[in-house]
Amino acid sequence: MFTGIVEELGEVTAVEDLGDASRFRLRGPLVTEGAKHGDSIAVNGVCLTVVETGEGEFTADVMAETLERSCLGALAPGSRVNLERPMALGGRLGGHLVQGHVDGTGTVLERVPAEHWEIVKISLPPALARYVVEKGSVTVDGISLTVVEAAAAHFTVSLIPTTLALTTLGIKQPGDPVNLEVDVIAKYVERMLAGSGPEAVR
């Protein structure tokens with residue numbers, strides 16, 4: 001479980017094509033400190049399992065399912081990525097509950113700079129629109145953000161200077177893809193309500 005508070009802006013150093021999967025090597029001195037085989041690290045909001053670490057880098061195998069459902073397949077050596085370690089039980093929940101399980105992908109549609117912040121508009125797949133609400137939380141490339149406007153086919157977020165400086169949203173341009181994860185609590189509530197009628201009793 002993650003919080004969507006990016007700890008480090010890392011970099012892809014190598015990508016190995018394994019046929020039905022890919023092996024990524026990523027640089028992240030902070031998130032690899034104390035990391036070991038089997039640990040989890042979120043990369044652009046995707047929970048990956050550490051295969052090995054060394055010299056501030058770690059490798060992770062990414063299966064076809066993850067490549068198809070996320071934007072990780074578009075990464076190449078030199079790509080910048082958002083990195084976060086799992087939250088520690090008993091620690092502060094700085095963002096919101098994030099699983100690192102991508103629900104879909106969107107595209108940066110527009111950037112509107114202001115004096116002290118920037119509004120970014122992102123496309124929203126129809127299947128995810130019902131989970132994104134004004135003032136609710138959404139995860140974009142692993143970043144916990146508050147929704148400013150929620151429309152049928154897009155949403156907007158307002159980015160403070162810290163987010164622009166320390167995450168990939170500072171360099172994403174219109175047309176760039178992003179990973180999206182909606183609020184897992186909303187999905188559970190929907191599922192429970194759908195199965196709460198008399199016909200659900202067996």
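The values are calculated or read from the model by the stated rules, or taken from the named source; none is laboratory data. Since this is a predicted model, take the numbers as computed values, not measurements. Heads up, the Cβs are rebuilt from the backbone with ideal geometry, glycines too, and the neighbour counts pull from every protein chain shown. Ligands, DNA and RNA are stripped out before the accessible areas are found, and what is left, the full protein with its side chains, is counted by its heavy atoms. Shrake-Rupley method; radii C 1.70, N 1.55, O 1.52, S 1.80 Å.
One table, with the values for the structure above:
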{"read-out": "Viscosity 1.567 mPa s, temperature 4 °C, Stokes-Einstein D of the range 69-150 from Kirkwood C-alpha radius, µm²/s", "value": "88 µm²/s"}
{"read-out": "Rough spin-label spacing in nm, given labels placed 7 Å along Cα→Cβ, for A74 and E52", "value": "3.1 nm"}
{"read-out": "³J(HN,Hα) computed for each position of the range 117-122 - Karplus, 6.51 cos²θ - 1.76 cosθ + 1.60, integer Hz, glycine/proline x", "value": "7, 9, 8, 10, 9, 10"}
{"read-out": "Dipole of the range 1-126, positive direction: furthest Cα of Q99, G38, P113, with charges on the beta-carbon", "value": "P113"}
{"read-out": "Selected from A76, Q173, M87, residue furthest toward positive end of dipole (the chain; charges at beta carbon)", "value": "M87"}
{"read-out": "The range 1-160, accessible area per residue, ligands and nucleic acids excluded (1.4 Å, Å²)", "value": "49 Å²"}
{"read-out": "Peptides ranked, highest mean first, by Cβ atoms within 10 Å: ranges 169-176, 185-192, 26-33", "value": "26-33, 169-176, 185-192"}
{"read-out": "About the Cα centre, charge dipole magnitude for the range 1-130 (Lys/Arg +1, Asp/Glu -1 at Cβ), debye", "value": "380 debye"}
{"read-out": "For the range 120-202, fraction of C-alpha pairs farther apart than 19 Å, in %", "value": "43 percent"}
{"read-out": "The chain - percent of accessible surface contributed by carbon and sulfur, probe 1.4 Å", "value": "55 percent"}
{"read-out": "For the chain: rounded, prolate or oblate by the Cα gyration tensor [a/c cutoff 1.5]", "value": "oblate"}
{"read-out": "In order through the range 37-54: 3J(HN,Hα) via Karplus (6.51 cos²θ - 1.76 cosθ + 1.60), integer Hz, x for Gly, Pro", "value": "3, x, 6, 10, 9, 7, 10, 6, x, 9, 6, 10, 9, 6, 8, 7, 10, x"}
{"read-out": "All lysines inside 21 Å of K121 as judged from Cα atoms, apart from same-chain residues fewer than 8 positions distant", "value": "K135, K172"}
{"read-out": "Cα convex hull of the range 152-191 - mean projected area over all directions, nm²", "value": "4.2 nm²"}
{"read-out": "Amide H contacts under 5 Å for E149, placed H, 5+ residues apart", "value": "T156"}
{"read-out": "Share of alpha-carbon pairs per 10 Å distance bin for the range 104-162, given as whole %", "value": "24, 61, 15, 1"}
{"read-out": "Built amide H within the under 5 Å cut-off of A14, gap 5+", "value": "R25"}
